[in-house]
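Have a look at the structure below before the remarks.
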Amino acid sequence: MQQLVRPDIATLSAYKAESLADITATEIDKIDANEVSSDLPDWFKSQLGTIASDQIKANRYPDGEYAHLKQLIANYVGHGITSSQISIGCGSDEIIRSLLVVACLHRGSIMVAEPTFSMYDILARSLGIPVVKVPRHDQNFQIDLAAAQAAIEQHHVAAIGLVHPNSPTGNLLNSAELDWVRSLPSNILVVIDEAYFEFASHTLAAELDQHPNWLIMRTFSKAFRLAAYRVGYAFAANELIEALEKVRLPYNLPTIAHTAAELAMDNRDRLLELVPEIRQERDRLYRELSNLGLRVWPSAGNFLYARGQDNKAIAQALKQKGTLIRQTGGGLRITVGTRSQNQRLIERMGDCLNSL
Ligand SMILES: *Cc1c(COP(=O)(O)O)cnc(C)c1O
């Protein structure tokens, strides 16, 4: 294989989600991937099933324009965004890859502030695009803006990936960071990843028309509970969206996936009813985990970031008890689950911390 494959590809490893195979506990609380823990309601699934059997012609290619879905998303986003300013991806992961092709390939690097969402790094490296990493401050995870500014001057930075609120740390961009983002030169693509928008209720959409180099990305995988269907979207100035459309695969989404996203938009108030409950549980978990002696940070997402004495040992011990969380970035990222999952987490965490 060595001669067939680019040498830099040979050094990469394939993305693997956490395996459940070696856990002995019978019931597993999977709160490691920031999914919403409850499945879609039955009425939604049966409506989708009916559409699939009555309306989808399986022998036909999908409608690759997604005109109706884009119109629904434009209405949902508001802020004067029109459907020609929207691109649909097979998950926002696909959009990240397209952005890297459009803005960085043969042109420059992408900059990220660690710890952050790993797909920027993984996808850039698969394309041979250099990744410039800058640190965050330890207390509040604000980006080290001096380091970021210096990196821009030294490394041909063509794009910056900003997750808002950041995963795994949960913080929104603060006013110093926002001022810096607003001051970035117009030849740098600024990707603002709002995957957790529905939990955070903060968006930079209102400023998009003043910044043709900004792009905002969101997903149906989190608050809308459609992770299995793989639908993400981006909105930006027409010029950027047209470029994205040129590099995406013609039929990038199965018909059932964009149909599910349309149905989610049509029923968004009912689907998003869970959001206030998840926020409440997040705030309860924050208090409970802090009381156990962990250092926990405030979060605007559906997850919390915490650090203990030995994060690896904590994650492993919890896994053996049947709760799967994510050890990342020198800490623990814990997705807010159902009330009973959260209750078990608190109990099991208490046991783990006592016995370590
Ligand atoms: C979950 C998540 C996404 C969503 O990815 P999809 O490919 O749409 O499932 C994007 N960005 C961040 C930061 C995320 O946490």
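Below, the figures for the structure above:
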item	result
Qualifying residue in region 232-241 (condition: in contact with a helix residue (DSSP H, G or I) (Cβ under 6 Å, 6 or more places away or on another chain) and not assigned by TED's automatic domain parsing to the domain that holds N140)	no
Looking only at region 103-125, and only at residues there that are among the hydrophobic types (A, V, I, L, M, F, W, C) and either open to solvent by 10 Å² or more (accessible area, probe 1.4 Å) or over 26 Å from G170 (Cβ atoms) (or both), the one that is farthest from the ligand (Cβ to nearest atom)	L105
Residue in region 255-263 that is open to solvent by 30 Å² or more (accessible area, probe 1.4 Å), touching a residue at least 12 places away in the same chain (Cβ under 8 Å), assigned to a helix (DSSP H, G or I) and in contact with a helix residue (DSSP H, G or I) (Cβ under 8 Å, 6 or more places away or on another chain) present	yes
Among (1) in contact with a Phe, Trp or Tyr (Cβ under 6 Å, 6 or more places away or on another chain); (2) surrounded by fewer than 16 Cβ atoms within 10 Å (Cβ to Cβ) - the single one H156 does not satisfy	(1)
Residue count, region 179-219 (criterion: in contact with a Pro (Cβ under 7 Å, 6 or more places away or on another chain) and surrounded by fewer than 17 Cβ atoms within 10 Å (Cβ to Cβ))	1
R97 vs. criteria within 14 Å of the ligand (Cβ to nearest atom), under 24 Å from A236 (Cα atoms) and open to solvent by 50 Å² or more (accessible area, probe 1.4 Å)	yes
Residue within region 166-178 that is β-branched (V, I, T), within 23 Å of V296 (Cβ to Cβ) and assigned to a loop (DSSP other than H, G, I, E, B) present	yes
Pairs with Cβ under 7 Å, 6+ apart, first in region 101-112 and touching a residue at least 24 places away in the same chain (Cβ under 8 Å), second outside any strand (DSSP E or B) and open to solvent by 50 Å² or more (accessible area, probe 1.4 Å)	V101/V247; V102/V247; G108/H156; S109/P130; S109/H155; S109/H156
Residue within region 163-171 that is at pLDDT 95 or above, within 16 Å of the ligand (Cβ to nearest atom) and open to solvent by 50 Å² or more (accessible area, probe 1.4 Å) present	no
Residue list for region 193-250, restricted to those being within 18 Å of S183 (Cα to Cα) and assigned to a helix (DSSP H, G or I)	A205, A206, E207, L208, D209, Q210
Selection status of S83, on the phi < 0 side of the Ramachandran plot, away from the ligand (no atom under 16 Å from the Cβ) and either open to solvent by less than 70 Å² (accessible area, probe 1.4 Å) or modelled with pLDDT of 95 or more (or both)	yes
Residues (part of a helix (DSSP H, G or I) and surrounded by fewer than 20 Cβ atoms within 10 Å (Cβ to Cβ)) located in region 57-71	A67, H68, Q71
Residue in region 220-243 that is open to solvent by 10 Å² or more (accessible area, probe 1.4 Å), within 16 Å of the ligand (Cβ to nearest atom), in contact with a Lys or Arg (Cβ under 9 Å, 6 or more places away or on another chain) and more than 30 Å from D310 (Cα to Cα) present	yes
When residues of region 126-143 are limited to those that are out of contact with any helix residue (DSSP H, G or I) (no Cβ under 9 Å at 6 or more places or on another chain) and open to solvent by 30 Å² or more (accessible area, probe 1.4 Å), the one nearest to the ligand (Cβ to nearest atom)	R136
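The values are calculated or read from the model by the stated rules, or taken from the named source; none is laboratory data. These figures come from a predicted structure and were not determined experimentally. Cβ coordinates were reconstructed from backbone atoms using ideal geometry, including for glycine residues, and neighbour counts include every protein chain displayed. Remember, those area values only see protein heavy atoms, side chains included, never the ligands or the DNA or RNA. Shrake-Rupley method; radii C 1.70, N 1.55, O 1.52, S 1.80 Å.
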